[in-house]
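The values are calculated or read from the model by the stated rules, or taken from the named source; none is laboratory data. Remember, it's a predicted structure, so these values are computed and weren't measured experimentally. Cβ: placed from backbone, ideal geometry, glycine included. Neighbour counts: every protein chain shown.
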Amino acid sequence: MDIDSRSAELASNLARVRSSITDACVSSGRPADAVSLIVVTKTWPASDVKRLADLGVTDVAENRDQEAAAKVAACAGIAIRWHFVGQLQTNKCHSVVRYSRVIHSVDRSKLVTALSRAAAAESAELVTCLVQVNLDGRDSAVSGPAGRGGVDIPAAPGLADQIAGSKGLTLGGVMGVAPIGGDMARAFDQLVQVSMAIRRDHPAACMVSAGMSSDFAVAIAAGATHVRMGTAVLGHRPHLR
Ligand SMILES: *Cc1c(COP(=O)(O)O)cnc(C)c1O
């Protein structure tokens, strides 16, 4: 596919996605601009990020440090806010805080400690962190590393407190991934409940990052403020991730 037809494809996908987001906002009685789009560019080249930026996209997300760091370097000079949405190991924190403005996948105390240390050393600005909440309805100790990540619901407010009290970090809110084959509406409702509980002590932490290409309308109906969409904008990913 040549450059121009890829741009045209992205433009038409984006227009469709943006109008679906607006429709979902309106049909759930929310303002048309209540939800921000974050385009998940994992597996797609830096050239696509440049095309997206030309089409008015301001926020993109990646899920692997190695891939992300290379792409960020290739996109130097382009006005894009980078988000990190993947499971994160403590030894990657120094790299990730160099380019990420928002980290959506903060799910354990040790990671907060490592991110705080890294952000204080590497980042001029505070790094916004979201508490990733496990919505599988199973204890993460049981679902284990095969699960989709996230802190169990009862522990989420404590993790939020830790982020809010950590040097170099600021608490942005919560993030969740609906369980495959589960009750999506119930999962997103639970995430919004957790968000409300956290906002009692941290009123500014109002981001609710929820919804992907297949379930964004359900997430918006539940109260998502940020949707993370890859496939609907860029097409089916070249390899499974
Ligand atoms: C890949 C990914 C997305 C986007 O998924 P699509 O189904 O392609 O929209 C959203 N959130 C996370 C955490 C992801 O890893």
Report summary line: Conditions (1) surrounded by fewer than 17 Cβ atoms within 10 Å (Cβ to Cβ); (2) within 13 Å of the ligand (Cβ to nearest atom) -> HIS104 fails only (1)
Query - Pick from region 47-68, criterion crowded, with 17+ Cβ neighbours inside 10 Å and hydrophobic (A, V, I, L, M, F, W, C), ranking: farthest from SER105 (Cα to Cα) - result: LEU52
**Report entry** Residues being charged (D, E, K, R) and more than 20 Å from VAL227 (Cα to Cα) - total across region 55-80
**Finding:** 3
Report summary line: Result of the Cβ filter at 6 Å on region 53-78, keeping first residues that are within 19 Å of MET212 (Cβ to Cβ) and modelled with pLDDT of 95 or more and partners that are hydroxyl-bearing (Ser, Thr, Tyr) and not in a helix (DSSP H, G or I), at least 6 apart or interchain, is VAL60/THR41
Report task. Scan region 79-96 residue by residue and report those that are over 24 Å from ARG18 (Cα atoms), among the β-branched types (Val, Ile, Thr) and in contact (Cβ under 8 Å) with a residue 60 or more places away in the chain. Result -> none
Report task. Return the total of residues in region 214-241 being within 11 Å of the ligand (Cβ to nearest atom) and touching a residue at least 24 places away in the same chain (Cβ under 8 Å). Result -> 14
Report task. Considering only residues that are out of contact with any strand residue (DSSP E or B) (no Cβ under 6 Å at 6 or more places or on another chain) and over 12 Å from CYS93 (Cα atoms), look in region 103-133 and name the one that is modelled with the lowest pLDDT. Result -> ALA124
Query raised in the report: Going through region 193-241 one residue at a time, which ones are crowded, with 22+ Cβ neighbours inside 10 Å, assigned to a helix (DSSP H, G or I) and of a type outside the set (S, T, N, Q)?
Result: VAL194, ILE198, PHE216, ALA219, ILE220, ALA222, VAL233, LEU234
Query raised in the report: Would you pick out the residues in region 153-192 that are under 21 Å from ALA114 (Cβ atoms) and in a helix (DSSP H, G or I)?
Result: ALA155, ALA156, PRO157, GLY158, LEU159, ALA160, ASP161, GLN162, ILE163, ALA164
Query raised in the report: Take the residues of region 178-192 that are within 16 Å of the ligand (Cβ to nearest atom) and aliphatic (A, V, I, L, M): which is surrounded by the fewest Cβ atoms within 10 Å (Cβ to Cβ)?
Result: ILE180
